[in-house]
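For reference, the structure is listed below as structure tokens.
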Amino acid sequence: MVLPRSRELLERARRRTQYLWSMLVQTFRLMVGVPDYETYVRHRQEKHPGIPWMSHTEFFRERQRKRYESGAGKCC
Amino acid sequence: MTEHSRTMQSSGFSKMVWFLISILGAGSLGVVALSRGEPINAIWLVIAAVCTYFVAYRFYGLFIAHQVLQVDPSLPTPAMRLNDGLDYVPTQKYVLFGHHFAAIAGAGPLVGPVLAAQMGYLPGTLWILAGVVFAGAVQDMLVLFISTRRDGRSLGDIVRLEMGKSAGAVAMIGVLLIMIIILAVLALVVVKALAGSPWGTFTVFATIPIALIMGIYGRFIRPGKIAEMSVIGFVLLMSALVFGQHVSESASLAPLFTYTAIQLAMIIIGYGFAASVMPVWLLLAPRDYLSTFLKIGAIVALAIGIVVVMPMMRMPALTRFIDGTGPVFSGGLFPFLFITIACGSVSGFHALISSGTTPKMIESEAQVPFVGYGGMLMESFVAIMAMVAAGVIDPGVYFALNSPAALIGTDVANAASVISGWGFTITPDVLLQTAKDVGESSILSRAGGAPTLAVGMAHIFSGLIGGKAMMGFWYHFAILFEALFILTAVDAGTRVARFMIQDLIGSVIPAFRATHSWTNNLIGSAIAVGMWGYILYTGVIDPLGGINTLWPLFGISNQMLAAVALIMCTVVLLKMKKQRYAWVTIIPTTFLLICTLTAGLQKVFSDVPAIGFLAHARKFKDSLAQGQIIAPARTLEQMHQIVWNDYVDATLAGAFVAVVIVVLFYGIQVARKALANPKVTALESHGVAKVTRIA
């Protein structure tokens, strides 16, 4: 009786940690202007099916170039 | 237990928690404000600040969001409507908070409080807290809200949209001027920190090859691996920092990295030009990653350091310099304290960020108070920590670091006797020893915040790890971390200024708008660098050390932009027919207008040469007429230079005043029209609010 319950708890903790970690990674990436690639791909697949999307490298380069063109920049 | 009684219990519990937070906050503020004579622990400042933030967020921030703005979670945000997976992406609230905070936090909140500490820690601390609660966080949140309701438009676009073309154009010129001043002042901070410091100069120079390595790695070897790039960069950076000590102690290497302030200014100007025309992936982006992560890391480490070490504040609550005779910045508490601490209380620059990338990523309007108001509270906390860092060091050392050479001279004996004469007893030995502890040859007249902060941080961190032996490391770490993100800002800012200049000139010569043309690129960059480079140069040769002259100009321009943003917010509130609540922006706008206009006019017209640019010019002109040379000028040419610089600075201060007055004029006109119109006239993108929200 004890074992499955603790396994379930362990599994839940693992999933929770994984989620928090992915949020942390996303936060740090977005701090330097690179949004989540998977979200982008999912968006393209859902909203623009059939049209090819950027590879991870193209996506990264596009975002990097865009960040310093917008003029949003940094604060003092 | 029924659902009802559970809610009752939780609301009773929550009431009790808020009551306790309020009591704790009020008690800590009491300790901070009322203790006289005996030093207090820095932790009281931290507790007072944190409690103030919680109470302010819960009872004022949320009040504005829900009662005044009536944020509507059911309205689709730009991220939802215009989702493209790139710029417009619905983003989790904590992730977005991190993004927004990283964009607004810079060197400003670290430098201002350090300078303001000359009046004691109390006036600055009170202004940081009151300013953020009633002005800064309100501005950031409102601009974020207003931009979110307008497809994430920029501040300039919103002013144009809601207040007319002319007001928009004037506001844009104001933004360009503030960019130029910010770049000059920030570069000056770096120059002040690195002059005659081979250790610091070596590590900051080392960031260039390190960034290039990172850039090539992230471009060709492992594209897009930000974490790997950053770890490589960080390891190299720390190695450079450690090796820097050997450089400073080596008889053959040290001279290669020892420069005067003027040489450093020239190097930074040349660097700024080169960096702004290079591809971003090579230098700017990798260094941006390093500086962003280092900044977040240093802020977290400083917070942990203060809470664990719990240092005592050695600076008194109030010093004799509240009368306006202080050496660090000239002028009385009003208005000059309020423009010295700009970022951390209220910063107009944030209006650009809050109408930049953040509104395009808001998932639901319900996030607006947390990201907008909360993000600014966090920034304010950084300012409080800077105040703590400045307050925990020996006040004598503080004044040695921050007073211009014109007042304390250039040798420790003289400096110690002058500073002791001000009532902050210090011996030449302590000044020498402090310099030695941090691995520098001198700590005199290093105004600009960075070195003071570095000594303070070294003081706090060395209590945590490494003790005195590590002080040199921590000092240069702090210098490096500040120089790193200042140089990133200089690089990115020069680009932004270049685009603005191209846009401005392009309205007359359309061909100049093409941003991919190399000729335009070079000319635009040269104009941008020339403008801030010139002001930087005047700061470096300035008799009062530059910061004393230029920081107030920066403060005025930043608060001016805040006033412009708040005028726009007021206009929009009136156009939404929310005049009942318009006081939430009218009060801070009025206060900022009074401060900026008084300070601006005093900087131009005051009879005191230490404050008024024209009076200062007159003083030097009169001596010139009699053929006399007064210190610190040594030649007639330098005398002419000083007079000319005064006129340039007076013109800039005058221009800021003019921009505010013009925008205010348009603001009042539009506001009166909006008041007379019984209908909602705010131009929101989705058109829903226009029909439903008539107050």
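Consider the range B:192-227. How many of its residues are crowded, with 17+ Cβ neighbours inside 10 Å, in contact with a Leu (Cβ under 7 Å, 6 or more places away or on another chain) and either away from chain A (no Cβ under 14 Å) or under 15 Å from B:Phe485 (Cβ atoms) (or both)?
9
Do the conditions hold for B:Thr325, that is, is it more than 21 Å from the chain's Cα centre (by Cα), without any contact (Cβ under 8 Å) to a residue 12 or more places away in the chain and surrounded by fewer than 24 Cβ atoms within 10 Å (Cβ to Cβ)?
Yes: the conditions hold for B:Thr325.
Can you name the number of the only condition in (1) farther than 30 Å from B:Ile304 by Cβ; (2) open to solvent by less than 10 Å² (accessible area, probe 1.4 Å) that B:Thr410 fails?
(2)
So, in the range B:330-341, of the ones that are aromatic (Phe, Trp, Tyr) and buried (at least 24 other Cβ atoms within 10 Å of the Cβ), which residue ends up farthest from the other protein chains (Cβ to nearest Cβ)?
B:Phe336
Condition test on B:Ser22, is it more than 30 Å from A:Tyr68 (Cβ to Cβ) and in a helix (DSSP H, G or I)?
Yes.
Output the residues belonging to the range B:284-326 that are in a loop (DSSP other than H, G, I, E, B) and either touching a strand residue (DSSP E or B) at 6+ places or on another chain (Cβ under 6 Å) or within 11 Å of chain A (Cβ to nearest Cβ) (or both).
Of everything in the range B:284-326, just one residue is in a loop (DSSP other than H, G, I, E, B) and either touching a strand residue (DSSP E or B) at 6+ places or on another chain (Cβ under 6 Å) or within 11 Å of chain A (Cβ to nearest Cβ) (or both), namely B:Met310.
Restricting attention to the range B:356-379, which residues are surrounded by 24 or more Cβ atoms within 10 Å (Cβ to Cβ), within 13 Å of chain A (Cβ to nearest Cβ) and within 16 Å of B:Leu129 (Cβ to Cβ)?
Of everything in the range B:356-379, those that are surrounded by 24 or more Cβ atoms within 10 Å (Cβ to Cβ), within 13 Å of chain A (Cβ to nearest Cβ) and within 16 Å of B:Leu129 (Cβ to Cβ) turn out to be B:Met376, B:Glu379.
What's the number of the condition B:Val277 fails, among (1) over 25 Å from B:Ala105 (Cβ atoms); (2) facing chain A (nearest Cβ under 10 Å); (3) open to solvent by less than 40 Å² (accessible area, probe 1.4 Å)?
Condition not satisfied by B:Val277: (2).
Going by the conditions given, is B:Pro123 over 24 Å from B:Ile501 (Cβ atoms), of a type outside the set (Gly, Ala, Ser), assigned to a helix (DSSP H, G or I) and open to solvent by 10 Å² or more (accessible area, probe 1.4 Å)?
Taking the combined requirement at face value, the residue satisfies it.
Give B:Ile268, B:Ile353 a once-over and let me know the one that is under 22 Å from the mean Cα position of the chain (by Cα) and within 13 Å of chain A (Cβ to nearest Cβ).
B:Ile353
Among the residues of the range B:84-93, are any in a helix (DSSP H, G or I) and either within 14 Å of another protein chain (Cβ to nearest Cβ) or without any contact (Cβ under 8 Å) to a residue 60 or more places away in the chain (or both)?
Yes, there is a match, as at least one residue in the range B:84-93 is in a helix (DSSP H, G or I) and either within 14 Å of another protein chain (Cβ to nearest Cβ) or without any contact (Cβ under 8 Å) to a residue 60 or more places away in the chain (or both).
Could you list, in sequence order, the residues of the range B:38-83 that are assigned to a helix (DSSP H, G or I), within 14 Å of chain A (Cβ to nearest Cβ) and hydrophobic (A, V, I, L, M, F, W, C)?
Of everything in the range B:38-83, those that are assigned to a helix (DSSP H, G or I), within 14 Å of chain A (Cβ to nearest Cβ) and hydrophobic (A, V, I, L, M, F, W, C) turn out to be B:Ala79, B:Met80.
Condition test on A:Arg29, is it facing chain B (nearest Cβ under 9 Å), at negative phi and open to solvent by 50 Å² or more (accessible area, probe 1.4 Å)?
yes
Return the residues of the range B:599-641 that are among the aliphatic types (A, V, I, L, M), assigned to a loop (DSSP other than H, G, I, E, B) and either within 19 Å of B:Leu333 (Cα to Cα) or open to solvent by less than 50 Å² (accessible area, probe 1.4 Å) (or both); say none if nothing qualifies.
Within the range B:599-641, B:Val608, B:Ala610, B:Ile611, B:Ile630, B:Ala633 meet the criteria.
For B:Met179, which of the numbered conditions (1) in a helix (DSSP H, G or I); (2) open to solvent by 10 Å² or more (accessible area, probe 1.4 Å); (3) under 30 Å from B:Met471 (Cα atoms); (4) of a type outside the set (Ser, Thr, Tyr) fails to hold?
Evaluating B:Met179 over (1) in a helix (DSSP H, G or I); (2) open to solvent by 10 Å² or more (accessible area, probe 1.4 Å); (3) under 30 Å from B:Met471 (Cα atoms); (4) of a type outside the set (Ser, Thr, Tyr) leaves (3) as the failure.
Is at least one residue of the range B:198-208 within 30 Å of B:Leu561 (Cβ to Cβ) and touching a helix residue (DSSP H, G or I) at 6+ places or on another chain (Cβ under 8 Å)?
Checked against the condition, which is being within 30 Å of B:Leu561 (Cβ to Cβ) and touching a helix residue (DSSP H, G or I) at 6+ places or on another chain (Cβ under 8 Å), the range B:198-208 yields at least one hit.
Does B:Gly344 fit the bill of being more than 14 Å from every other protein chain (Cβ to nearest Cβ), open to solvent by less than 20 Å² (accessible area, probe 1.4 Å), part of a loop (DSSP other than H, G, I, E, B) and of a type in the set (Gly, Ala, Ser)?
Against the criterion (more than 14 Å from every other protein chain (Cβ to nearest Cβ), open to solvent by less than 20 Å² (accessible area, probe 1.4 Å), part of a loop (DSSP other than H, G, I, E, B) and of a type in the set (Gly, Ala, Ser)), B:Gly344 does not qualify.
Right, B:Met376: in contact with a strand residue (DSSP E or B) (Cβ under 6 Å, 6 or more places away or on another chain) and within 22 Å of B:Gly61 (Cα to Cα) or not?
no
The values are calculated or read from the model by the stated rules, or taken from the named source; none is laboratory data. Note that the structure is predicted; figures quoted are calculated from it, not measured. Every residue, glycine among them, receives a Cβ derived from its backbone with ideal geometry; neighbour counts consider all protein chains shown. All accessible areas refer to the heavy atoms of the entire protein, side chains included, with ligands and DNA or RNA removed. Shrake-Rupley method; radii C 1.70, N 1.55, O 1.52, S 1.80 Å.
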